[in-house]
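The values are calculated or read from the model by the stated rules, or taken from the named source; none is laboratory data. From a predicted model like this one, the values you see are computed outputs, not experimental measurements. Please note: Cβ atoms are built from the backbone with ideal geometry, for glycine as well, and neighbour counts cover all protein chains shown.
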């Protein structure tokens, strides 16, 4: 740990990114902060680049930020965890990771998960990781809750809120393309939900699903939460 001119501790940050474009703004922000310093900045093309990082001043690294592709991020985390056991890692993902992958990352030194590319959010994650608090941003939490809710609904034999809403639109005569547009989901997702409704009701077409709607709406086990 080093100190700035006001004798405040500086957080040594290693920034590993998949392209210069992604980290351009973040690196500048870190340079301008009074409580952080960039001790390592590497462009990572594949896992070999992570394994070959011998020139970084690892003894000065206190938090690692990874902005890597899904294909290599888990391997990169494992390598860093093996060589820097006590150094927390913040993973920045442009797209959602599978929750099984996210769970493994949390078991291997990852203290922060975010889908945000905003420097302010990433910097906050770094500070939380440095002070061993850790954090997951709201988008990750929202997705996790959705996964849990969908899973609970399926295990309990219930329709999800979205299934129920789509069922009501079917009753109104909405076609799959119109449902897709109205709900803001893809046509393939709409078809998936419609098929799930059919399967749940034990029917094979819209006509029978519509016939069951009014009766089913009165059954509490089928009502939306």
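Quick one: which of 32, 46 is assigned by TED's automatic domain parsing to the domain that holds residue 110 and under 21 Å from residue 118 (Cβ atoms)?
On the way: 46 fails: under 21 Å from residue 118 (Cβ atoms).
After ruling out the rest, the residue left standing is 32.
For the structure I just gave you, tell me whether residue 50 is within 21 Å of residue 102 (Cα to Cα), at pLDDT below 85, assigned to a loop (DSSP other than H, G, I, E, B) and under 25 Å from the mean Cα position of the chain (by Cα).
no
Condition check: loosely packed, with under 15 Cβ neighbours inside 10 Å, at pLDDT below 85 and assigned by TED's automatic domain parsing to the domain that holds residue 128. Does residue 59 satisfy that?
Considered against the rule, which asks whether it is loosely packed, with under 15 Cβ neighbours inside 10 Å, at pLDDT below 85 and assigned by TED's automatic domain parsing to the domain that holds residue 128, residue 59 comes out as yes.
Which numbered condition in (1) assigned to a helix (DSSP H, G or I); (2) modelled with pLDDT of 80 or more; (3) surrounded by 13 or more Cβ atoms within 10 Å (Cβ to Cβ) is the only one that residue 195 fails?
(3)
Name the helices (runs of 4 or more DSSP H) wholly within the range 76-182 that hold at least 2 residues that are modelled with pLDDT of 75 or more and in contact with a helix residue (DSSP H, G or I) (Cβ under 7 Å, 6 or more places away or on another chain)?
Here the list reads 99-106, 119-130, 161-171.
Exactly one condition in (1) surrounded by 13 or more Cβ atoms within 10 Å (Cβ to Cβ); (2) assigned to a helix (DSSP H, G or I); (3) under 13 Å from the mean Cα position of the chain (by Cα) is false for residue 72; which is it?
Looking at each condition in turn, residue 72 falls short on (3).
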